[in-house]
1. If you take the residues in the range 337-365 that are assigned to a helix (DSSP H, G or I) and within 16 Å of the ligand (Cβ to nearest atom), which one is nearest to the chain's Cα centre (by Cα)?
2. Could you please find all residues in the range 290-312 being in a helix (DSSP H, G or I) and surrounded by fewer than 20 Cβ atoms within 10 Å (Cβ to Cβ)?
3. Out of all the residues in the range 241-270, which are on the phi < 0 side of the Ramachandran plot, within 16 Å of the ligand (Cβ to nearest atom) and surrounded by fewer than 22 Cβ atoms within 10 Å (Cβ to Cβ)?
4. Having 2 or more residues that are more than 16 Å from the ligand (Cβ to nearest atom) is the bar; report the helices (runs of 4 or more DSSP H) wholly within the range 366-475 that clear it.
5. Report whether or not VAL150 is in contact with a His (Cβ under 9 Å, 6 or more places away or on another chain) and either in a strand (DSSP E or B) or touching a residue at least 60 places away in the same chain (Cβ under 8 Å) (or both).
6. So in the range 201-240, with the set limited to residues that are modelled with pLDDT of 95 or more, in a loop (DSSP other than H, G, I, E, B) and of a type in the set (D, E, K, R), which one is farthest from the ligand (Cβ to nearest atom)?
7. Quick check on this structure: which one of SER190, SER198 is over 19 Å from ALA136 (Cα atoms) and buried (at least 22 other Cβ atoms within 10 Å of the Cβ)?
8. Does the range 454-487 hold any residues that are among the charged types (D, E, K, R) and touching a residue at least 60 places away in the same chain (Cβ under 8 Å), and which are they?
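The values are calculated or read from the model by the stated rules, or taken from the named source; none is laboratory data. This one's a predicted model, so the numbers in the text were calculated from it and none came from an experiment. FYI the Cβ positions are ideal-geometry reconstructions off the backbone, even for glycines, and counts take in every protein chain you see.
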Amino acid sequence: MKHLLPAPKHAETGSGSAEIAPGSAVSGPAPLADAVRLALPVLDLRVLDLRPGDAAVAAVRVEEDPRLGPEAYAMTITGDGVDITAGDRAGAFYAGQTLRQLLPAEAFRSALVPGTSWTFPCGRVEDAPGFSWRGAHLDVARNFLPKREVLRMIDLMALHKLNRLHLHLADDQGWRVESRAFPLLHEVGSHRPRTITSRKGEELAFDGVPHGGYYTLADLTEIAAYARARAVTVVPEIDVPGHACAVLAAYPALASRPQERYEVLDRWGISPAILSPLPATVDLLTTVFAEIADALGDVPYFHIGGDECVLDDWAASAEISAYQASLGLESTGDLHAWFLRRLADALAERGSRTVVWDEAFVSGRLRPDTIVMPWRGEHVARRAAAAGHDVVATPVFPMYFDYAEAASPEEPAGLGDAITVADVAAFAPAPSEWPEEERARVAGVQFQLWSERIPDGRTLDYRAWPRGCAAAEVAWTGGPAGPKDFFRRLDAHLARLDAFGVDYRPLSGPRPWQRGGTGWRRHRPGAVAVHDVMRHLHELSLSADSTRPSL
Ligand code: TNX
């Protein structure tokens with residue numbers, strides 16, 4: 001009971017131990033029993049369909065009690081087996097995950113290791129999440145991740161009781177989803193011939209290696225179903241109207257400067273390319289949103305970005321200025337707000353709540369039910385909460401896991417320095433100084449894996465874990481972790497990640513083959529300090545010209 005991660009609300013160890021043999025039975029309402037089975041794949045549990053009067057007794061017994069609340073569970077372990085009461089299917093799944101952590105680390109392998117004793121301590125756990133939004137963000141646009149990596153991320157999220165997978169599906173460097181209505185999006189927008197490796201002033205170097213990929217609509221259906229079975233909701237993001245090079249490479253007529261030639265971007269940073277806000281753009285986007293939502297099935301949340309927009313091309317276009325005037329809008333900033341609101345209204349008609357980055361909140365005109373992701377810090381987070389929006393804390397510090405974990409030349413190249421596991425564990429998404437109404441608006445917390453410097457799955461593992469373990473602790477318990485106790489539990493938890501096969505970053509620093517080396521992956525400590533970035537972003541979020549790009 002002492003090594004659970006994230007920590008449960010309440011756990012007490014009883015006397016004695018229980019044993020659960022591979023192939024044991026689990027009984028209860030089918031969806032809940034099935035959730036427990038899925039949470040413990042190595043044990044290959046059988047779901048037992050018990051009828052009244054049957055003499056058989058299952059080793060694990062589940063029942064549902066909605067009074068416990070969503071995602072909550074209580075579990076009693078005795079010599080006679082395990083009794084679980086779950087608030088819903090997700091609660092049963094999490095009880096199964098807790099049970100898995102009570103077993104030896106071998107429970108995190110994909111096949112049985114002979115000689116393992118499947119015993120665990122008797123006792124009782126009562127548990128419920130502190131936050132309802134416990135997210136991980138994957139940027140599959142800058143560097144594409146094959147479907148198998150996304151499914152594996154869902155497995156890793158599930159074992160940390162994380163429940164929102166935010167997929168950043170479109171950016172300047174790539175469009176990552178099939179569209180039947182606008183096929184050039186995936187045919188043209190999904191690949192680039194090369195990628196930048198270094199920049200010295202005006203001098204850029206490229207790798208000369210083509211990069212690309214996209215998910216078919218059937219892939220999205222599969223990912224969403226796989227996620228749903230593991231209590232994870234997929235949150236798609238199509239980032240507009242900025243970050244638009246890939247869309248404009250496919251459909252240049254949607255540009256605010258239509259005579260320009262666009263290419264899928266082969267370098268990082270903020271490009272001035274921006275979609276026009278005219279009806280043709282709204283038509284394409286609402287059609288594509290519907291294709292994505294239909295493929296995903298149930299889509300409670302849809303992210304439309306709204307960040308880092310350079311609005312100069314809007315101001316320079318006579319047609320767009322005339323359109324702005326016809327809508328009675330005074331500035332391009334108002335037009336930015338109007339455009340996002342138009343899309344959010346269309347999403348609402350289909351039953352999805354819109355999510356945006358904080359620039360869209362500063363621009364104004366949001367629907368009251370729009371969820372804000374304040375990436376530029378606590379100040380703008382609090383303003384959005386005070387305005388009555390639900391917010392998901394996503395500040396660069398300490399939730400951008402594309403930053404290095406140490407200011408050391410041994411690290412593989414990160415965006416800047418430094419965000420440690422301890423920084424993440426100490427994070428308070430809803431600071432205690434805030435008034436209660438504002439704290440109550442914090443739906444949760446999410447870590448971001450922007451992928452400019454995450455070219456593959458191994459690097460993803462290195463960046464995500466164990467910082468993701470600390471984020472999961474904060475998200476599930478609802479506040480910062482006591483450092484001593486957290487690191488003690490983390491030590492035991494890393495053995496689980498070893499058994500699962502995760503290329504995480506050891507707490508003592510990178511393994512020899514995880515170092516940056518001397519080539520293009522060399523980290524340059526001190527080049528970008530995360531606290532300077534935060535100071536800069538804070539100032540920007542205060543300025544009236546909120547959509548000005550910032551990094
Ligand atoms: C800011 S956060 C961005 C991303 C970058 C990231 C790098 C946000 C809404 N925009 O486009 O990838 O910084 O850390």
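1. Restricting to residues being assigned to a helix (DSSP H, G or I) and within 16 Å of the ligand (Cβ to nearest atom), the top hit is ASP358.
2. Filtering the range 290-312 down to residues in a helix (DSSP H, G or I) leaves 290-296, 312.
Answer for the range 290-312, where residues must be in a helix (DSSP H, G or I) and surrounded by fewer than 20 Cβ atoms within 10 Å (Cβ to Cβ): ALA290, GLU291, ALA293, ASP294, ASP312.
3. So in the range 241-270, the residues on the phi < 0 side of the Ramachandran plot come out as 241-242, 244-268, 270.
When the remaining residues are screened for being within 16 Å of the ligand (Cβ to nearest atom), the result is 241-242, 244-247, 264-268, 270.
ASP266, ARG267, TRP268, ILE270 - these are the residues of the range 241-270 that are on the phi < 0 side of the Ramachandran plot, within 16 Å of the ligand (Cβ to nearest atom) and surrounded by fewer than 22 Cβ atoms within 10 Å (Cβ to Cβ).
4. Hits in the range 366-475: 378-386, 421-425, 436-440, 457-464.
5. Spelling it out, it is not the case that VAL150 is in contact with a His (Cβ under 9 Å, 6 or more places away or on another chain) and either in a strand (DSSP E or B) or touching a residue at least 60 places away in the same chain (Cβ under 8 Å) (or both).
6. Step by step, filter the range 201-240, then rank; the result is ARG230.
7. SER190
8. Those that are among the charged types (D, E, K, R) and touching a residue at least 60 places away in the same chain (Cβ under 8 Å): ASP456, ARG463, ARG467, GLU473, ASP485.
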